[in-house]
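Let me begin by presenting the structure, written as structure tokens, before commenting on it.
The values are calculated or read from the model by the stated rules, or taken from the named source; none is laboratory data. Everything numeric here is computed off the predicted structure, so don't read it as measured data. Here Cβ is always computed from backbone atoms with ideal geometry, including for glycine, and neighbour counts include all displayed protein chains. Heavy atoms of the whole protein, side chains included, go into the accessibility calculation; ligands, DNA and RNA do not. Shrake-Rupley method; radii C 1.70, N 1.55, O 1.52, S 1.80 Å.
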Amino acid sequence: MYVNIYRDALIAIYPNIKTLMCYFHVAYCCKKNLRSHPAATQKLICDVIYNLHCSVSQQEFEGRYREVSARWRIDFPEFARYFNTQWISGHFTNWKIYCSAPGIASTNNALESFNNVIKRCYTLNARHSLSALVDLFMEWLVFDISMDLKDLRKCYELRRLPSLEVKQKSEAIDESNYVIREERNALVTYRKHGNVETYHVSCLNGTCTCRCYIRMGYCKHLLHAHAWLNEDRDYVIIDR
């Protein structure tokens, strides 16, 4: 109830606001609703929901959902009604990856990302007494914020670094498993052998058309394209 009141108040103040829904909570609520089903059935349905979440456009999502909802209405009618009412036709429908910009905070509250910055960069994931925490903030946090304001930078502006897993996947890309073409203006195209889908990477804009980029803000194709053009891939970073 309080969530709806808060949402309605925000819409009254900002009529064009877009309400994003945290996918983690979508998956969590669906798992709770499926508790009476066998574990194998739960995993099967959750995998389908994740596949829906990874849709890159409204058109693709609608096509996938039409197919799966027809099966659910026959095999799992109660869950089909719940999913359609709660996550398809309600107020919290923007939980697909195409609903937000690449690399945006994936939680329902972006403050959690800021809390992570404090834990990682200032408290070093250690517990402190209140007095020690205040001293630490006054010595380091306030100083960093002051420097950001002085240099007209956005406070807490950190950049996402590609994970080790994505770096390893980019190193596995070569012409034995991909058709790679360099085009004008630092554009590189990738097509996996035996696959008709082609991914387009723009090194100038730091973008790619694959699903991983849309979800994370970086991908193996983008890293490999920088190496392909003899650029330092360690600087492939994106604001979050």
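Things worth noting here:
- 1.4 Å probe accessible area per residue over segment 164-224, in Å²: 58 Å²
- Each pair of Cα atoms in segment 7-97 enters the Kirkwood radius, and Stokes-Einstein at 20 °C and 1.002 mPa s then converts it into a translational diffusion coefficient of 152 µm²/s.
- At R0 = 41 Å, FRET efficiency that the Cβ-Cβ distance of R66 and H128 yields, to 0.05: 0.20
- Here the spin labels are modelled as points 7 Å beyond Cα on the Cα-Cβ line, and at L136 and Q58 they lie 4.6 nm apart.
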